[in-house]
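Read the structure below first, then the notes.
The values are calculated or read from the model by the stated rules, or taken from the named source; none is laboratory data. A quick note: this is a predicted structure, and the numbers were derived from the prediction, not measured. No Cβ is skipped: glycine too gets one built from the backbone with ideal geometry, and neighbour counts run over all protein chains shown. For the accessible areas, the whole protein counts, side chains as well, though only heavy atoms, and no ligand, DNA or RNA atoms are used. Shrake-Rupley method; radii C 1.70, N 1.55, O 1.52, S 1.80 Å.
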Amino acid sequence: MVLKSGSVYFLLTSQAARWFPSQAAYATSTSMLGPWFAATGLGNGSTFGGQNADVRSFAGARWYGQHSLPRPSRCGAIGRDDGALWLPVLFDPAKREARLDCYSRYTVDLKTGTLGLPLRLNLAAGRPGTTSSTAPGSSPDNANEGDYRTEWVAASPAFPAWWMVDLGAPKHISEVDISWWIRKGSEARYVYAIETSSDGVHFRTLERLDNPFYGFTVDKPDVTARYVRIRLTGATMANSARNWYVPPLIDVRIFS
């Protein structure tokens with residue numbers, strides 16, 4: 001699909017990956033005839049569990065619809081008429097950038113098009129991280145810098161492995177959003193646990209051994225803690241008996 005913001009055209013695309021979600025992308029141009037700038041990733045590696053489907057406008061505001069897998073809603077709004085997952089897509093024609101993020105809730109005035117996003121602070125952003133190990137060229141900071149294009153990878157390809165962030169002081173935690181590495185055509189669901197602690201020694205565990213989601217998960221632990229540790233214990237391949245996935249984290253966001 002093609003949209004225009006200011007003097008810039010945005011071409012939004014999706015990729016085919018059987019029936020599983022994959023990375024969306026966008027390219028920009030000041031003319032429909034080109035030249036077009038190379039495609040850039042839009043959202044995370046699984047487009048938060050959907051695929052490009054439609055864009056609708058309300059009083060000039062644009063809304064991005066995705067065909068979604070049959071599952072409970074984890075972000076955005078599920079349209080009652082078409083079953084699509086609706087998320088706001090933000091365009092910046094001056095920078096020729098588009099941004100798509102997951103919001104568990106938001107508001108939109110259908111008459112004015114005014115978008116109301118939640119005032120939420122990512123408690124993990126910029127905070128120091130530690131890991132069980134880190135591969136050369138990777139960094140613990142890659143998992144909480146708010147960039148879906150970078151990743152932390154463990155030095156050993158074998159499970160288990162862990163990544164931990166120090167929030168600086170005990171904070172109330174009501175939501176943990178994790179973007180996982182995903183390879184289109186060879187998807188896997190990660191088996192993991194979220195562990196929280198006030199002293200970095202004694203941990204409380206929220207197990208997710210039954211995780212059914214590919215590429216993106218949302219957990220709501222409702223705890224107060226200073227340390228949050230993501231323990232990766234395995235991955236279950238969707239279409240192959242051979243498991244070649246390794247322990248990585250693309251992006252971790254923690255909200256109160």
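Scan region 95-110 for residues that are within 20 Å of S5 (Cβ to Cβ) and of a type in the set (V, I, T) and the total you get is 1. Can you say whether D210 is acidic (D, E) and surrounded by fewer than 17 Cβ atoms within 10 Å (Cβ to Cβ), as far as the supplied structure shows? Yes: the conditions hold for D210.
Determine whether region 90-103 contains at least one residue that is open to solvent by 20 Å² or more (accessible area, probe 1.4 Å), under 25 Å from H172 (Cα atoms) and at pLDDT 75 or above. Yes, the conditions are met somewhere in region 90-103. In region 212-219 there is no residue that is modelled with pLDDT under 90 and among the acidic types (D, E). Each residue in region 166-217 was checked for being in contact (Cβ under 8 Å) with a residue 60 or more places away in the chain and on the phi > 0 side of the Ramachandran plot, and 2 of them qualify. Here W162 fits the description: open to solvent by 70 Å² or more (accessible area, probe 1.4 Å), of a type outside the set (K, R) and either touching a strand residue (DSSP E or B) at 6+ places or on another chain (Cβ under 9 Å) or at positive phi (or both).
Return the residue satisfying two criteria in turn: it lies in region 1-41 and is of a type in the set (A, V, I, L, M, F, W, C) and touching a Lys or Arg at 6+ places or on another chain (Cβ under 8 Å), and of such residues it is surrounded by the fewest Cβ atoms within 10 Å (Cβ to Cβ).
Among those residues, the one meeting the criterion is A16.
Return yes or no: is T224 surrounded by fewer than 15 Cβ atoms within 10 Å (Cβ to Cβ), polar (S, T, N, Q) and either touching a helix residue (DSSP H, G or I) at 6+ places or on another chain (Cβ under 6 Å) or at pLDDT 95 or above (or both)? Yes, satisfied.
Please work out which one of (1) in contact with a Pro (Cβ under 8 Å, 6 or more places away or on another chain); (2) within 26 Å of Q23 (Cα to Cα); (3) touching a residue at least 24 places away in the same chain (Cβ under 8 Å); (4) of a type outside the set (G, A, S) is the condition T134 fails and give its number. Tallying (1) in contact with a Pro (Cβ under 8 Å, 6 or more places away or on another chain); (2) within 26 Å of Q23 (Cα to Cα); (3) touching a residue at least 24 places away in the same chain (Cβ under 8 Å); (4) of a type outside the set (G, A, S), T134 fails exactly one: (3).
For region 239-250, state whether one or more residues are in a strand (DSSP E or B), modelled with pLDDT of 95 or more, crowded, with 19+ Cβ neighbours inside 10 Å and hydrophobic (A, V, I, L, M, F, W, C). Checked region 239-250: at least one residue is in a strand (DSSP E or B), modelled with pLDDT of 95 or more, crowded, with 19+ Cβ neighbours inside 10 Å and hydrophobic (A, V, I, L, M, F, W, C). Considering only residues of region 199-211 that are touching a strand residue (DSSP E or B) at 6+ places or on another chain (Cβ under 8 Å) and not charged (D, E, K, R), which is modelled with the lowest pLDDT? Step by step, filter region 199-211, then rank; the result is L209. Of all residues in region 123-147, those satisfying the criterion of being open to solvent by less than 40 Å² (accessible area, probe 1.4 Å) and at pLDDT 95 or above are L123, A124, G129, T131, S133, A135, S138, S139, P140, N142, A143, N144.
Residues to consider are I173, I182; find the one that is within 20 Å of the chain's Cα centre (by Cα), at pLDDT below 95 and open to solvent by less than 60 Å² (accessible area, probe 1.4 Å).
The unique qualifying residue is I182.
For region 148-159, a tally of residues being open to solvent by 30 Å² or more (accessible area, probe 1.4 Å) and touching a Phe, Trp or Tyr at 6+ places or on another chain (Cβ under 7 Å) returns 1.
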